[in-house]
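The values are calculated or read from the model by the stated rules, or taken from the named source; none is laboratory data. What you are looking at is a predicted structure, and each value in this text was computed from that prediction instead of being measured. All Cβ positions, even for glycine, are placed from backbone atoms using ideal geometry, and neighbour counts span all protein chains on display. For the accessible areas, the whole protein counts, side chains as well, though only heavy atoms, and no ligand, DNA or RNA atoms are used. Shrake-Rupley method; radii C 1.70, N 1.55, O 1.52, S 1.80 Å.
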Amino acid sequence: MTRNESNQVQTVASTPGPTRTARWRIIAFGTILAVCIAYEVFEGIHSRVEAKAKLHQAAMNSAIPTVNVVSPKGAAEAEEIELPGNTQAFTDTPIYARTNGYVGHWYVDIGARVKQGQLLAVIETPELDQQLRQATADLKNAEANLQIADITATRWQNLLKTDSVSHQEADQAVSDLHSKEALVDSNRANVDRLEELQSFERIIAPVDGVITARNTDIGALIQADTTAPKEIFHLSAIQKLRIYIPVPEVYASSVKTGDKVDVTLDAFPGQTFRGTLVRNANAIDATSRTLNVEVDIDNSSGRLMPGAYAFVHFKVPATNGAVTIPSNALLFRGEGLRVGVVRNSRVALLPITIGQDYGSAVEVLSGLTAGDAVIVNPSDSLANGAQVQVGNKLNDGVRQ
């Protein structure tokens, strides 16, 4: 070997190679890179599998119809119904004249509170006054003739005892006496009649109350003997008011005389007045199928006015064991009335018996319990045994 070759070998041998640490770094980096690549591949496959599973589950869920349910309410101690009516004065009377004449003066106007026997107006009756004077004179004349007839009959009766006169003459005197007595009675009755008519010159209040109308004025002609006399005043006794309520036939058995009821009026929002059920017709009206009921309210304060629109609140006892459900839960099928309930994610169509109808809700007498999940707004195609899923639970038909 030449010296140049020896120097080349020594130069090559003295060139440094990669250390052990560097090699381990390269191996570790490669391993990490491989793990990352494997993880990315795994995540991609796993996400696709999971998305596919979710899609499958969503497809399965969409195939199952979703329903809303509500729990039946247990019947309360009593249900309340609200019925409209109009307040009326306990005594509501028109006041007419009973004698002909002219209005001389009136003393009260609309809104005046009057007492029984209070003077309301005076009618001037000059013709009636003259008729009464004539009748009084006729009565005095008849009484004078009666006195003479009595004396004559007595005298003839005494003469008959001595046979101074005949029986015929005595009987005629007695008959004339009876005729004069009847004539006196007739004239006295006529005087009494005219005096009664004259007393009607003073128009007085028949009861305590309020004047709600005055239909006359001073000098107005009063003709009481016509077929359609003119009303002079209208009087309403408002110390107590009546309300007549048409109670539906289904609630008629719950109406009890003497029961206390609450009354509300639009004119007094937020206030409740106490009334008493005093009487009812004891007969169902054949046209409206209702029971006419009278409720009386004490109005000694005068706050309430007749003619106002009022609402009477009745308490209707509930049926034992009954529950109430929304009306939109009912299914009308050919086999009868049904209600759908959810049991173990399956539909069960149950026959029920309906009691009271409250409009937005109905009373169920049998077929349901308070623990059932009743389907509201069911579709017409809802079938018995169909699988469903509960979407929302409602409270009295309102979403919770």
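When the inverse distances between all different Cα atoms of the stretch 59-175 are averaged and flipped, the Kirkwood radius reads 24.8 angstrom. Rounded to 0.05, the FRET efficiency of the Arg343 and Ala34 pair, given R0 = 51 Å and the Cβ-Cβ distance, is 0.35. Coordinate range of the alpha-carbon atoms in the stretch 343-389 per principal axis, descending: 32, 20, 15 Å. Based on the Cβ-Cβ distance of Ser301 and Lys393, what FRET efficiency does E = 1/(1 + (r/R0)^6) give at R0 = 51 Å, to the nearest 0.05? Working from the Cβ atoms, E equals 0.55.
Putting +1 on Lys and Arg Cβ atoms and -1 on Asp and Glu Cβ atoms, find which of Ile218, Thr66, Phe42 reaches farthest to the positive end of the dipole of the chain. Checking the options against the dipole of the chain, the answer is Phe42. With all pairs of different C-alpha atoms in the average, the Kirkwood value for the hydrodynamic radius of the chain is 32.9 Å. What is the distance in Å between the Cα centroid of the stretch 195-234 and that of the stretch 113-157? Each part reduced to its Cα centre gives a spacing of 24 Å. When the surface is traced with a 1.4 Å probe over the full set of protein chains, His234 keeps roughly 40 Å² accessible.
Placing pseudo-labels 7 Å out from each Cα toward the beta carbon at Ala182 and Leu119 gives an inter-label distance of 4.2 nm. Just round it to a whole percent: the fraction of Cα-Cα distances in the stretch 123-194 exceeding 17 Å. More than 17 Å apart: 52 percent of the Cα pairs in the stretch 123-194.
Across the stretch 208-262, the volume of the C-alpha convex hull divided among the residues equals 176 Å³ per residue. If you count Lys pairs in the chain whose Cα atoms are under 26 Å apart, skipping same-chain pairs closer than 8 places in sequence, the total is 12. When only the Cβ of Lys, Arg, Asp and Glu is charged (+1, +1, -1, -1), the dipole of the chain relative to its Cα centre reaches about 3900 debye. Across the protein chains, with a 1.4 Å probe defining accessible surface, the residues Tyr251, Tyr96 rank Tyr96, Tyr251 from largest area downward. Measuring with a 1.4 angstrom probe and ignoring ligands and nucleic acids, Tyr102 comes out at about 120 Å² accessible.
How large, in Å, is the stretch 236-361 by the Kirkwood hydrodynamic radius built from its alpha-carbon pairs? Provide the component values of the computation, followed by the final result.
Values: mean 1/r = 0.0564 Å⁻¹.
Result for the stretch 236-361 stands at 17.7 Å.
In this rough spin-label picture, where each label sits 7 Å from Cα along the Cβ direction, the Glu196-Gln130 distance is 2.5 nm.
For a Förster distance of 41 Å, can you work out the FRET efficiency between the beta-carbons of Lys240 and Ile64, rounded to the nearest 0.05? Intermediate results must be reported in sequence, preceding the final value.
Working: r = 65 Å, r/R0 = 1.58.
It comes to 0.05.
Label-to-label distance for Asp92 and Ala22 is 11.8 nm, based on points extended 7 Å past Cα in the beta-carbon direction.
Farthest towards the positive end of the charge dipole of the chain, among the residues Asn299, Leu350, Ser360, is the Cα of Leu350, using unit charges on the Cβ of Lys, Arg, Asp and Glu. The stretch 185-280 gives an Rg/Rh value of 1.19, both radii derived from C-alpha positions and Rh following Kirkwood.
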